[in-house]
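Comments concern the structure below.
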Amino acid sequence: METPNRKLDHLRITLVEDVEAGSTWLEFVMVPHKAVPELNLEKVSTEVEVFGKKLKAPIIVTGMTGGNEHAAKINAVIAEVVEELGLGMGVGSQRAAVEHPELAWTFRIARERAPNALIIANLGAPQLLKGYGIEEIEKVIEMIDADAIAIHLNAAQEAFQPEGDVDYEGLVARLQEIVDKVKKPIIIKETGAGLDYDSVKVLRDIGIKAFDVSGSGGTSWVRVEMYRAREKGDEVLAEVAEWMSSWGIPTAASVMEARAAAPDSLIIASGGIRNGMHAVKSIALGADMVGVALPALKAAYRGKEELKKFLRAMMLSVKIGLFLTGSPSLRYLKGKAVVMGPLKEWAVQRGVYEEWLKARRQKSLSP
Ligand SMILES: Cc1cc2nc3c(=O)[nH]c(=O)nc-3n(C[C@H](O)[C@H](O)[C@H](O)COP(=O)(O)O)c2cc1C
């Protein structure tokens, strides 16, 4: 069972090794303080409606795991906590359960423990080019009664796996064939290397309306594969992976590119979101929501209370961030960021700065 074993490797390596690399560039995002906020903190609302679900704050735990017993335990902890706090979560790639239906329970446990929360199904884009279609997509959505499905892009990771799925040819055409047939919204999601303007634009043009940027600066899948290559004695691959660990578009730059390319879409900022300040800055940059993976995994591994503490602190930060910028709700914070130094330079040279300025405050799917 190749897929479940690889997933177990990933869990172990991300929990034990130093798998983070680069920077999110959120240090170049400033959020102007408002000395006279003219608001009562108690009345500030961090609520958001996404894919038909009301969330207490714009925070989700993005898809990580499933497919084995340890993963099921982690999914259960995350699910119980997001249900209690009124947040959302994704499960990891459900390919393992499509190939081995006896593993479906390791994903389904998320819906069982979170009957009301926003739950996002997950499949990899390369699978769509290897024969997966509408049938498999509907199957994984039904498996967990999901509210949406994330199709993840992980070219950077696959390139560093000897067994990687490195054929991405024809992906846009394939997505175009299925986008209107899927009954639930599709989120296109990177996995730590960031979404760029052109990719978001072409996907938005075929009807995709939600994007999770998963930029660089947090978990580096190139680094995860570096550890695996070392363990397997593949020294060349390990060396290349070490050199290229920080590959990707920093999360802050990716949010700007995605927002510029898809002014009317739901944009999730993720990749290296480690605290509440990161969340506030991401929304001020123009994201609708934020996603966290590795810190939630580590907290969940330590237990429910640890994860609850972390996510409650994230929620409180967003509320205080709204208050201190004079924002009664999320949409007032959106687009208030000032971008500095290399981040602004990036946006100008990439030709997205003017479009970002126009798009950042536009009302997208969230209220
Ligand atoms: C252990 C682990 C497993 C992951 N598996 C998946 C996956 O199956 N599908 C997916 O879309 N993303 C997966 N991711 C990527 C995360 O959802 C996220 O995009 C990435 O880790 C960056 O966020 P972070 O810096 O907060 O960890 C995984 C992340 C971790 C840490």
Neighbours by Cβ (under 6 Å, 6+ apart or cross-chain): first from the range 333-355, more than 20 Å from Asp198 (Cβ to Cβ); second surrounded by fewer than 18 Cβ atoms within 10 Å (Cβ to Cβ) and among the basic types (Lys, Arg): Lys334/Arg361; Gly335/Arg361
Inside the range 191-221, can you point out the residues that are assigned to a loop (DSSP other than H, G, I, E, B), out of contact with any strand residue (DSSP E or B) (no Cβ under 7 Å at 6 or more places or on another chain) and at negative phi? Asp196, Ile206
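Across the range 331-343, what is the number of residues that are surrounded by fewer than 15 Cβ atoms within 10 Å (Cβ to Cβ) and either modelled with pLDDT under 95 or farther than 15 Å from His278 by Cα (or both)?
Our first condition is that a residue be surrounded by fewer than 15 Cβ atoms within 10 Å (Cβ to Cβ); within the range 331-343, this holds for 338, 340-341.
Within this subset, residues satisfying the condition of being either modelled with pLDDT under 95 or farther than 15 Å from His278 by Cα (or both) are 340-341.
The number of residues fulfilling the criteria is 2.
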The lone condition Val213 fails out of (1) farther than 26 Å from Pro342 by Cβ; (2) within 12 Å of the ligand (Cβ to nearest atom) is (1)
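Listed residues Ile283, Ile187; which is β-branched (Val, Ile, Thr) and touching a helix residue (DSSP H, G or I) at 6+ places or on another chain (Cβ under 8 Å)? Give the steps one after another, and end with the answer.
Values: Ile187 fails: touching a helix residue (DSSP H, G or I) at 6+ places or on another chain (Cβ under 8 Å).
Going through Ile283, Ile187 in turn, the sole match is Ile283.
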Among residues belonging to the range 244-282 that are of a type in the set (Lys, Arg) and within 16 Å of the ligand (Cβ to nearest atom), point out the one that is nearest to Ile149 (Cα to Cα). Arg274
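Going through the range 81-119 one residue at a time, which ones are closer than 21 Å to Glu49 by Cβ and in a loop (DSSP other than H, G, I, E, B)? First the steps, then the outcome.
Looking only at the range 81-119, we keep the residues that are closer than 21 Å to Glu49 by Cβ, and these are 81-90, 110-111, 114-119.
Of everything in the range 81-119, those that are closer than 21 Å to Glu49 by Cβ and in a loop (DSSP other than H, G, I, E, B) turn out to be Gly86, Leu87, Ala114, Pro115, Asn116, Ala117.
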Give the residues of the range 246-301 that are farther than 20 Å from Leu55 by Cβ and β-branched (Val, Ile, Thr), sorted by residue number. Ile249, Thr251
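Quick one: count up the residues across the range 224-261 that are outside any helix (DSSP H, G or I), small (Gly, Ala, Ser) and surrounded by fewer than 24 Cβ atoms within 10 Å (Cβ to Cβ).
First, the residues of the range 224-261 that are outside any helix (DSSP H, G or I): 232-234, 244-250.
Next, from what is left, pick out any that are small (Gly, Ala, Ser): 233, 245-246, 248.
From the residues that got through so far, the ones that are surrounded by fewer than 24 Cβ atoms within 10 Å (Cβ to Cβ) too are 233, 245-246.
Residues flagged as outside any helix (DSSP H, G or I), small (Gly, Ala, Ser) and surrounded by fewer than 24 Cβ atoms within 10 Å (Cβ to Cβ) within the range 224-261 amount to 3.
Take the residues of the range 283-309 that are within 12 Å of the ligand (Cβ to nearest atom) and in a helix (DSSP H, G or I): which is surrounded by the fewest Cβ atoms within 10 Å (Cβ to Cβ)? Full working, then the answer.
The first filter runs over the range 283-309 and keeps only residues within 12 Å of the ligand (Cβ to nearest atom), leaving 290-301.
Adding the requirement that they be in a helix (DSSP H, G or I) leaves 294-301.
Working: Leu294: 20, Pro295: 19, Ala296: 27, Leu297: 20, Lys298: 14, Ala299: 22, Ala300: 25, Tyr301: 16.
By that ranking, first place goes to Lys298.
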Residues (within 16 Å of the ligand (Cβ to nearest atom), farther than 23 Å from Leu294 by Cα and in contact with a strand residue (DSSP E or B) (Cβ under 9 Å, 6 or more places away or on another chain)) located in the range 141-183: Ile141, Met143, Asp165, Leu175
Can you name the number of the only condition in (1) closer than 20 Å to Glu138 by Cβ; (2) more than 16 Å from the ligand (Cβ to nearest atom); (3) polar (S, T, N, Q) that Ser93 fails? (2)
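The values are calculated or read from the model by the stated rules, or taken from the named source; none is laboratory data. Here the structure is a predicted model, which means the values were calculated and not measured. Every residue, glycine as well, gets a Cβ built from its backbone with ideal geometry; the counts of neighbours run over all protein chains shown.
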